[in-house]
Amino acid sequence: MNGTERFLADARSRGLEVQLVERQAARSLEEAAEILGIRPADIVKSLVVKHRDGSFLFALIPGDRQISWPKLRTLLGVNKLSLPPADVALEATGYERGTITPLGSTTAWPVYADASIAGRRISMGAGAHGYSAFVDADSLTTALGATIADISEPN
């Protein structure tokens with residue numbers, strides 16, 4: 001099963017409605033937003049974050065913002081978190097960078113979503129290059145059992 005098939009199968013199993021769209025490759029988040037006809041803020045990045053203990057989590061961050069490491073560390077009660085190298089993220093999720101999504105991940109890591117994504121339709125990675133998915137952010141966070149908190153700051 002390829003990445004997009006895993007993504008769709010997991011969404012279905014959770015009763016989550018997603019719209020998969022094929023799109024041309026983009027060199028940046030801004031270019032991807034332009035191709036999709038949306039604002040960069042409406043593309044939500046699924047970032048894989050590594051704990052010191054070797055476990056991982058997903059952080060869902062709007063495209064126009066970045067992780068606030070102090071806020072995320074405080075929320076988790078830890079003093080060290082990091083973004084792993086691409087090969088480690090692939091091993092942890094089964095997805096390459098640029099395609100990562102919590103849906104269909106080979107391991108169901110905990111999900112933390114920035115509160116600013118609430119109440120809107122967002123686009124996110126869909127498990128394979130050249131695809132994006134549109135989904136209702138509130139339905140997504142509910143389906144994933146995500147912790148919703150202020151974990152970002154402006155770029």
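Compute the separation of the alpha-carbon centres of the stretch 1-78 and the stretch 81-155 and state it in Å as a whole number.
3
Residue by residue, what Karplus-based ³J(HN,Hα) values in Hz, rounded to whole numbers, does the stretch 112-121 have, using 6.51, -1.76 and 1.60 with θ = phi - 60° and x for Gly and Pro?
Result, ordered by residue: 10, 10, 5, 4, 5, 7, 4, x, 8, 8 Hz.
Apply the a/c threshold of 1.5 to the C-alpha gyration tensor of the stretch 1-79 and tell me whether it is rounded, prolate or oblate.
Taking the square roots of the gyration eigenvalues as a ≥ b ≥ c, the stretch 1-79 is oblate.
Need the list of aspartates and glutamates near Lys80 for cross-linking: C-alpha distance under 13 angstrom, and skip anything on the same chain fewer than eight residues off.
Asp53
Taking the alpha-carbon distance from Lys50 and a cut-off under 14 Å, which aspartates and glutamates remain once sequence neighbours fewer than 8 residues away in the same chain are dropped?
Asp87, Glu91
Dipole size in debye (nearest 20) for the stretch 1-137 around its Cα centre, Lys and Arg Cβ +1, Asp and Glu Cβ -1?
Computed about the Cα centre, the dipole is about 440 debye.
If you restrict to DSSP beta bridges whose two residues both lie in the chain, what percentage is antiparallel, to the nearest 5?
Approximately 70 percent, going by the DSSP bridge assignments.
Please label the shape of the stretch 49-131 as rounded, prolate or oblate, based on the square roots a ≥ b ≥ c of the eigenvalues of the alpha-carbon gyration tensor (a/c under 1.5 means rounded; beyond that, a/b larger than b/c means prolate, else oblate).
It comes out oblate by the Cα gyration axes.
Please compute the net charge surrounding Thr107, taking Lys and Arg as +1 and Asp and Glu as -1 over other residues with Cβ under 15 Å from its Cβ.
-1
Would you kindly state how much longer the chain becomes between Ala108 and Thr147 on full extension, computed as 0.36 nm times their sequence separation minus their alpha carbon distance, in nm to one decimal?
Gain on extension, Ala108 to Thr147, equals 12.6 nm.
Rule-based calculations on the coordinates, nothing more; no lab input. What you are looking at is a predicted structure, and each value in this text was computed from that prediction instead of being measured. Backbone-built Cβ (ideal geometry, glycine too); neighbour counts: all protein chains shown.
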